[in-house]
Amino acid sequence: MRRGLPVPAAFVIPVTTAAAVAGGEHLDALGAAVNRLVGDATSGPLAVRAGAEVSLPGAFESRLDVAPAEAVAAVVESTRGLRVMTIARTLGHDRVPPTAVVVQRQVDATADELSGAGAATSCDPVTGEAGAVGSFVWGIRGDAVMAGTVPVLKLDALERRCPAVARQLGRDLLELEAEFGKPVELEFAVERGSLWYLQLRLFEVADTGVSDFDDVDVLAMGQPGSAGVGEGRLLTDVDDALDAADRGEPVVLALGWTSPSDASAMVRSAALLTRVGGRQSHAAVVARSARVPAVLSVQGLEIADDHVVLAGERVEVGEWLVVDGTTGRVGRRAGSD
């Protein structure tokens, strides 16, 4: 807001107060703040989300279209427990940081044919190649895009329908990267052709070296999500993957999409495959932080209990697969069964 960027009207419940509000205190002050927010020219539904000192993508609750007091309690409660601690450690933190809570006018990404949501980075988060890249969906809220539960489009889809919005997004990404001295990611929404920024985070691009895929027969391609090559036995069940990891067995975990509860298995796998999702999704962020190679939106990926189909090729659970998260290739070692 201070930089003059398009950020929806909001107020912040600070770290020192959020837990008390979640416990039922300061409700009169919360109500007054909500009344001031919805009483202005930008009135409408409210979004309630965490605002921690450091970003833990996918770890904390976000609530849309709900009563703020109930949502604050849910957001604060989401900072506790094994799941969020697993994500925090994966992202390099020895504790879960205390969180403030942001109460904000909710942008309607489903309003019309010029509305949608997405996320974009100032460079390729997998390879570090310069230039804005991102994932976007028309008519879908941002929580589904970031959760990786819907098929996504590249930013050129935004450019074709809303060229001015795409140009502004590209300019702001580059200016913010120059200001912070690090690559940046913006979660954003478009409402009736107007651009709004919802979250900002900084990130590092991992140096994983050159991918070695010379003796692998490629079965399918997908979107690179986390760099490097990983290989292991194919599994499609999170609990089975955890059991295999306990035995020290390398696993390629294939899922339709991921949820925060899958993080424990994801970070202990040799590689990850998903049927939908983009490289800005929470699954991709967690995989990159854990240095787990990942390929997302794998072409023709169908998942059953005892097998998967990769671009028409049946692969049984337990077969050995090789995953190149830098280039998006999935295959078998040449000559293997």
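Each reported figure results from applying straightforward, stated rules to the coordinates on display, with no laboratory input. Please read all numbers here as calculations on a predicted model, not as lab measurements. Note that we place each Cβ from the backbone using ideal geometry, even for glycine, and neighbour counts take in every protein chain shown.
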Geometric extent, Cα atoms of the stretch 216-333 - Rg, Dmax (angstrom): 12.1, 33
Helix-only CD estimate at 222 nm, as mean residue ellipticity for the chain, using -39500 (n - 2.57) per DSSP H run (n ≥ 4): -8000 deg cm²/dmol
Span-like helix ranges in the chain, DSSP H, alpha carbon extent 15 angstrom or more, Kyte mean at least 1.0: 27-38
Extreme residue, positive dipole direction of the chain, given options Ala33, Val84, Gln106 (C-beta unit charges): Ala33
Cα-centred dipole magnitude for the chain, charges only on beta-carbon of K, R (+1) and D, E (-1), debye, nearest 20: 1020 debye
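Over all pairs of distinct alpha carbons, what does the Kirkwood formula give as the hydrodynamic radius of the chain, in Å?
The Cα-based Kirkwood calculation yields 20.8 Å.
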Loop-located trypsin sites (Lys or Arg not before Pro) in the stretch 95-166, at most 11 other Cβ atoms within 10 Å (DSSP): Arg95
The stretch 274-291 versus the stretch 118-144: alpha-carbon centroid distance in Å: 12 Å
Charge-dipole axis of the chain as Lys and Arg at +1 and Asp and Glu at -1 on Cβ define it, positive-most pick from Gly225, Val75, Met1: Met1
Residues with amide H under 5 Å from that of Leu301, placed H, sequence gap 5 or more: Ala311
For the stretch 191-311, size of Cβ-based charge dipole, Lys and Arg +1, Asp and Glu -1, in debye: 700 debye
Segment Ala164-Glu302, extension gain: residue separation times 0.36 nm, minus the distance between their alpha carbons: 45.9 nm
Backbone HN-Hα couplings from phi across the stretch 124-135 [Karplus 6.51/-1.76/1.60, Hz, Gly and Pro as x]: 5, x, 8, 9, x, 4, 5, x, 5, 9, x, 10
